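The block underneath contains the structure these notes are about, expressed in structure tokens.
Every read-out reported here was derived from the displayed coordinates using simple, explicitly stated rules and does not represent laboratory data. Predicted model only: the values in this text are computed from it and were never measured. Glycine gets a Cβ as well: all are built from the backbone with ideal geometry, and neighbour counts include every protein chain shown.
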Amino acid sequence: MSATPLVSQVNSVKSAIIPPLLGASVSELSAWVEEQGQPAYRGKQLHDWIYHQGVRSLADISVFPKQWRGELAEIPIGRSTIHHRAVAPDGTIKYLLRLADGQIIETVGIPTAKRLTVCVSTQVGCPMACDFCATGKGGYIRNLGTHEIVDQVLTVQEDFQQRVSHVVFMGMGEPLLNTDNVLASLKCLNQDVGIGQRSLTVSTVGIRDRIRQFAHNNLQVTLAVSLHAPNQALREKLIPSARPYPLEDLLDECREYVEITRRRISFEYILLAGFNDLPEHALQLAKCLRGFQSHVNLIPYNPIQEVDYKRPKGDRIQAFVNVLKQQKVAVSVRYSRGLEADAACGQLRASK
Ligand code: SAH
């Protein structure tokens, strides 16, 4: 794996972008308009209309010459359409978005006092088949393109009429099975949409070698790793991919990630009553993470129809937190938002 940073890799490809245009940088768009016989500054205009004015057809770019607009009309930008929209009482909005080929994905917009966070999908469906997750129950269809990932952020931004401050790659799919498009969309969200790298989080269940490869991109984004169990036996029961890629190997690779990036990892741990929420599990978890630059995010289970796990009661959650704190592990509890709209972690299944 080369250690060439992402930015220089992408910038070295100057022109030759193939539509859909969403995902392209100013320099790529400028080279592209020049190929169409137009002055380079039109690339900057195109960039502004695509990323900041939310144009949906190139024919609508009023600053372009009329004849050229006619020629551009059929060239796709790469935007989706909102197929369905559900607002939860807490203000979280779940979107079902229809892609150009008719596939439907889910995106969630999560407003809080100072933030607007978007939870983006990276695949249509997911092949990982984790036992507690609704997305995996529906199987896997395909990876999303860069434009389809960036589009989700623009769609939420336009619908809320508010700038998106944070993006979490925690929707449908496994981001590290779609690394090229995830990296390209991180670059685009940072440089073209204007979201700080530190406000971008990629969550993975762990794919062998991919965390190390991800580390070599010189990014300041946050990596979240879905651990969910403090030992191999329990983890295997929840996550089929844990069998060929055991916990020990995953943690070794996470250590390499911290060494390479000097950034701490956020570990996600879903709390399932009576399964992985006992104080002894918390102790084991603390042991796994000893010496690690890390932070644990506990996610009380959000119910899905297919399985009968239970969310632990508040005092059990608190007891788990307390053990971790005693062990000097940085910990927070994520009470997922959007539960009533089936928009919470693990409930995304591309249906109403
Ligand atoms: N495939 C990636 C991205 C999905 S992120 C990953 O596994 O990290 C979605 C987060 O929600 C993951 O941490 C996932 O394990 C968690 N999750 C899945 N189903 C859940 C459920 N029913 N309740 C709470 N969290 C869940």
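Modelled spin-label separation between ASP252 and LYS352, with each label point placed 7 Å from Cα along the Cα-to-Cβ direction: 5.1 nm. Derived scalar couplings between HN and Hα for segment 309-316 equal 5, 10, 7, x, 6, x, 5, 5 Hz in order, rounded to whole Hz, by the Karplus curve 6.51 cos²θ - 1.76 cosθ + 1.60 (θ = phi - 60°), x for Gly and Pro. Sorted fewest first by neighbouring Cβ atoms within 10 angstrom, ILE17, ILE211 come out as ILE17, ILE211. The angle between the Cα long axis of helix 146-160 and the longest principal axis of the Cα atoms of the chain comes to about 90 degrees, rounded to the nearest 10.
What the phi angles of segment 123-137 give under the Karplus curve with 6.51, -1.76 and 1.60, with θ = phi - 60°, is a coupling list of 9, 8, x, 7, x, 6, 6, 5, 5, 9, 10, 5, 4, x, 5 Hz, glycine and proline written as x.
With both labels modelled 7 Å from their Cα along Cα-to-Cβ, the GLN162 to ARG198 distance reads 2.2 nm.
Shown for LYS352, LYS137, LYS237: other C-beta atoms within 10 Å of each C-beta, ranked fewest to most, produce the order LYS352, LYS237, LYS137.
Put a dot 7 Å past the Cα of LEU283, heading toward its Cβ, do the same for ARG262, and the two dots end up 3.7 nm apart.
Each residue of segment 293-307 was assigned a 3J(HN,Hα) from its phi angle through the Karplus expression (A = 6.51, B = -1.76, C = 1.60, θ = phi - 60°), giving 7, 8, 8, 9, 10, 8, 10, x, 3, 9, x, 10, 4, 5, 10 Hz with x at Gly and Pro.
With contacts taken as Cα pairs under 8 Å at a separation of at least 6 residues, segment 155-208 carries a relative contact order of 46 percent. Along the Cα-to-C-beta direction of ASP180, a point sits 7 Å from the Cα; which residues of segment 132-166 have their amide N less than 17 Å from that point? Of the residues in segment 132-166, 142-150 have backbone N under 17 Å from the label point off ASP180.
Our compactness index for the chain, the C-alpha radius of gyration over the empirical 2.2 N^0.38 Å, is 1.03. Note on the chain: GNM, Cα springs under 10 Å; of VAL205, VAL33, VAL164, the largest mean-square fluctuation is that of VAL33. Remark on SER226: its backbone amide H falls under 5 Å from those of THR204, VAL205, GLY206, GLU268, a criterion applied only to residues 5 or more positions apart or on other chains, H modelled at 1.01 Å from N.
Listed peptides 307-317, 224-234 appear in the order 224-234, 307-317 once ranked by packing, highest mean of other Cβ atoms within 10 Å at the front.
Sorted fewest first by neighbouring Cβ atoms within 10 angstrom, PHE292, PHE169, PHE64, PHE267 come out as PHE292, PHE64, PHE267, PHE169. Note on the chain: GNM, Cα springs under 10 Å; of GLN318, GLN67, GLN157, the largest mean-square fluctuation is that of GLN67. The amide H of VAL296, built 1.01 Å from its N in the peptide plane, has PHE267, ALA330, VAL331, SER332 as neighbours under 5 Å, considering only residues 5 or more places off or on other chains.
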